[in-house]
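Every number in this text was worked out from the coordinates using simple rules, so none of it is lab data. Source: prediction; values computed, not measured. Positions of Cβ are backbone-derived with ideal geometry, glycine not excepted, and every protein chain shown enters the neighbour counts.
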Ligand code: CMC
């Protein structure tokens with residue numbers, strides 16, 4: 001039997017062959033199906049990008065209109081799911097609410113027909129359509145309000161902001177939000193995508209696939225970092241405090257949230273685009289001192305840790321955008337999930353096309369032939 005070297009975190013070990021996205025971490029390049037992220041952020045919409053990721057090509061006009069129509073007309077969630085969500089504790093984290101609600105879809109759509117393209121499309125449409133409604137519904141219900149019905153006249157992102165804030169958003173806010181969704185939609189073999197592919201490989205239903213990916217995304221080393229970035233900026237409080245905060249954290253070996261990446265050794269291209277979105281937002285809606293703190297952090301961390309390839313990642317500036325939109329901090333990661341569901345579904349579909357169940361190995365370093373000690377003789 002071949003003996004393999006153990007790589008903690010599976011660093012550098014390919015877990016799949018994939019044509020969905022590509023990261024060049026030395027040159028700061030991200031492509032979805034070969035198209036640069038900068039071009040998609042400028043020219044595409046989230047739903048068009050989701051279509052590209054899942055079906056491999058940009059849709060033509062009719063295909064896009066049909067897809068948008070399908071997603072828009074499936075945005076309402078079942079009243080029993082709404083009622084179930086009403087029982088969730090309002091102090092619970094919205095990521096946990098989302099994971100439970102996404103899994104609950106499997107109760108209602110339990111038929112599993114993984115070889116049927118119609119089944120695949122229905123599941124894709126339902127998940128893309130329902131996830132934002134669930135996030136907005138939990139936000140309103142935990143405040144004691146009824147959820148807002150999706151608005152047929154509004155597109156994907158504008159409708160989400162409408163359901164969240166109970167009013168139609170400014171078109172610039174809706175566009176910027178849509179670009180954020182494009183930026184976070186897919187990112188090769190990250191932890192939640194790996195989790196989605198492992199779950200998919202057992203041939204379970206797509207709701208279980210997305211629920212397990214949501215659970216994985218929530219941790220602070222992955223999607224949960226965007227929440228912690230804002231807490232860190234608030235704790236720093238002023239530009240003058242940045243350098244002492246960084247020196248102190250370095251001494252204590254504390255990590256800077258929103259910095260560092262397994263693959264990027266330069267600034268994440270999504271962070272650069274998000275920074276330009278922050279500036280557009282501030283130009284119209286007023287400046288935020290936390291942006292000055294963030295920029296100073298970027299400067300000082302580059303000075304101190306640039307040699308290790310520690311630069312801002314996608315989570316560093318996304319929180320500032322959402323904060324300026326008035327979105328509560330604990331919704332940042334569920335919003336990441338709204339977007340990343342497109343990538344997870346693309347990987348689900350790709351996994352099914354050439355499936356083999358994931359069953360890696362381990363290096364056992366425990367003992368052998370150890371005797372069973374009766375309970376009365378144990379220390
Ligand atoms: N702050 C300070 N030092 C860092 C950081 C950081 N954020 N990230 C990595 N390092 C250092 C680390 O101390 C180590 O130094 P040394 O070699 O001297 O021991 C070196 O860089 C390599 O670190 P690593 O732990 O081997 O890196 P990794 O590839 O296992 O971890 C990471 C990647 C993203 C988990 C890590 O950079 C991190 O914890 N970042 C903060 C959390 C964060 O922002 N997560 C979001 C990631 S991007 C979006 C997403 O995936 O959701």
> Applying 1/(1 + (r/R0)^6) with R0 = 22 Å to the Cβ-Cβ distance of residue 352 and residue 22, what FRET efficiency is obtained, to the nearest 0.05?
Replying inline: 0.55
> Of 249, 157, 238, 91, how do they rank once you tally other Cβ atoms within 10 Å and put the fewest first?
Replying inline: 91, 238, 249, 157
>> As a test of the definition: which semi-axes, in Å, follow for the range 73-168 when you take the square root of five times each eigenvalue of its alpha carbon gyration tensor? Largest first, please.
In response: 23, 17, 9
>> What is the ratio of the Cα radius of gyration of the range 225-324 to 2.2 N^0.38 Å, with N the residue count, to two decimals?
In response: 1.01
> Per-residue ellipticity at 222 nm for the chain, helices alone: DSSP H runs ≥ 4 residues times -39500 (n - 2.57), over residue total, nearest 500 deg cm²/dmol?
Replying inline: -18000 deg cm²/dmol
> Using a Förster distance of 35 Å, how high is the FRET efficiency between residue 140 and residue 241, based on the Cβ-Cβ distance and rounded to 0.05?
Replying inline: 0.45
> Which value, in Å³ per residue, describes the convex hull spanned by the Cα atoms of the chain?
Replying inline: 198
